[in-house]
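Structure first, then comments.
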Amino acid sequence: MAILINKNTRLLVQGITGKSGSFHARGCMEYGTNVVAGVTPGHGGETFDSKVPIFDTVEEARKNTGCDATMIFVPGPFAADAVLEAAASGVRLIVCITEGIPVMDMVRVMAILKDKECRLVGPNCPGIITPGQCKIGIMPGYIHKPGSIGIISRSGTLTYEAVWQLTGRGYGQSTCIGIGGDPIQGTSHLEALKMLHDDPETQGIVLVGEIGGTAEEEAATWAKEHGEKPLAAFVSGATAPAGRRMGHAGAIISRGRGTAQSKIEALEQAGFHIARSPADIAEALIQALKANK
């Protein structure tokens, strides 16, 4: 078992004829993901790589292929509308890889999605993968291994780092979710943590956070009361100067809140084993597993 995606997921790719969309659609197909359709307005009736039908709209794609998840590679100025089109067409899982979506566009998207029966992962994220079953995103599939450790991360690169360390130490992954680093996210640390915690196959969870916002503290507050599985965490940005925007749009320290130290303290109090260096993420998880035996 895994969360959100599995071998039965039927994937649509919005923007499949673009440079990034085509490249990563092929990557997903090579991994074994069941890509059943693509959407690019004006290209309806064509096929991608002579086997994936392309439609002009998501509604047509869903009606003809039964796609239940989508991966979005639409340019930033148009990506919000692509998310809303997928939601309006009944796609249950929307994974938006696009970065650079205007914040006010995402405010509009989230206001509409709260009344829809769908989940958005991203934007500005690497995607989601259930190793050995389905990959939706840009992550290097070969470093993953089927197993029982769930990973949640705001950083694509640190997601890969955590996966590589765990795989190297013999620990496979149940599902890895890159939730993205923008100020407004479709799926939060807390929501992903709850889903992995409820998944009977997931036996341990790694949470990777960064400075800015209070998402990690909210996850810690929930875990302190409800957490029953081994938990490990790493928070990046410990040496970042206060008040300066860093990397991801959501990574900014403001008035003493959102610092790496405040997040680490909240996570430690909730029972997370903390990695002080990105090189120690796997070791922190191993210590958490040993402590919960």
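Just so you know, all these numbers are worked out from the coordinates, no wet-lab data involved. No experiment lies behind these values; they were computed from the predicted model shown. FYI the Cβ positions are ideal-geometry reconstructions off the backbone, even for glycines, and counts take in every protein chain you see.
Would you kindly calculate the mean projected area, averaged across all directions, of the convex hull enclosing the Cα atoms of region 1-145, in square nanometres?
8.1 nm²
Going by average Cβ density within 10 Å per residue, which order do the peptides 216-224, 258-266 take, highest to lowest? Mind dumping the intermediate values first?
Values: 216-224: 21.6, 258-266: 19.7.
In decreasing order of mean packing, 216-224, 258-266 become 216-224, 258-266.
If you bin the C-alpha pair distances of region 13-82 every 10 Å from 0, what whole percents do you get?
Values per bin, smallest distances first: 22, 61, 17, 0.
Mind sorting out which of [x] 18.6, 57; [y] 19.9, 88; [z] 23.1, 75 is the real Rg and Dmax of the Cα atoms in Å computed from the coordinates?
Comparing each candidate, only [x] matches the computed number.
Just the number, please: percent antiparallel of the DSSP beta bridges in region 5-147, rounded to the nearest 5.
Beta bridges within region 5-147, antiparallel portion: roughly 25 percent.
How far, in degrees from 0 to 90, does helix 156-168 lean away from the longest principal axis of the Cα atoms of the chain, to the nearest 10?
Taking Cα atoms only, the helix is inclined about 70 degrees.
Of all DSSP beta bridges in the chain, what percent run antiparallel (nearest 5)?
Working: 10 of 46 bridges.
About 20 percent, rounded to the nearest 5.
How far is helix 189-198 tilted, in degrees, relative to the longest principal axis of the Cα atoms in the chain, given as a value from 0 to 90 rounded to the nearest 10?
That helix lies at roughly 90 degrees to the long axis.
Exactly which GluC sites (Glu not before Pro) in region 92-193 are in a DSSP loop and have at most 12 other Cβ atoms within 10 Å? Show your work: numbers first, answer last.
Details: sites: Glu99, Glu117, Glu161, Glu191; in loops: Glu99, Glu117.
Hits after loop and neighbour filter: Glu117.
About the Cα centre of region 1-157, how large is the charge dipole given +1 on each Lys and Arg Cβ and -1 on each Asp and Glu Cβ? Please answer in debye to the nearest 20. Don't skip to the end; give the middle numbers.
On the way: 15 positive and 13 negative charges, 110 e Å.
Value, rounded to 20: 520 debye.
Show me 162-175, 269-282 ranked by packing, highest mean number of other Cβ atoms within 10 Å first.
Values: 162-175: 19.9, 269-282: 18.1.
So the peptides 162-175, 269-282, ranked by packing, come out 162-175, 269-282.
In degrees from 0 to 90, rounded to the nearest 10, what is the angle of the helix 281-291 Cα long axis to the longest principal axis of the chain?
Its long axis makes an angle of about 60 degrees.
Could you calculate the FRET efficiency of Thr214 with Gln287 from 1/(1 + (r/R0)^6), where r is the beta carbon distance between them and R0 is 30 Å, rounded to 0.05? Intermediate results must be reported in sequence, preceding the final value.
Details: r = 26 Å, r/R0 = 0.87.
According to the calculation, E is roughly 0.70.
Mean residue ellipticity at 222 nm from the helices of the chain, using -39,500 (n - 2.57) per DSSP H segment of n ≥ 4 over the full residue count, to the nearest 500 deg cm²/dmol? Write down the numbers at each step before the final one.
Working: 9 runs with 101 residues, N = 293.
Only helices count here, giving -10500 deg cm²/dmol.
Can you pull out the GluC sites (Glu not before Pro) in region 5-77 whose DSSP state is coil and whose Cβ has at most 16 other Cβ atoms within 10 Å?
Values: sites: Glu30, Glu46, Glu59, Glu60; in loops: Glu46.
Loop-located and lightly packed - Glu46.
Can you list, largest first and rounded to whole Å, the semi-axes you get for region 105-185 by taking the square root of 5 times each eigenvalue of its Cα gyration tensor?
One finds semi-axes of 27, 13, 9 Å for region 105-185.
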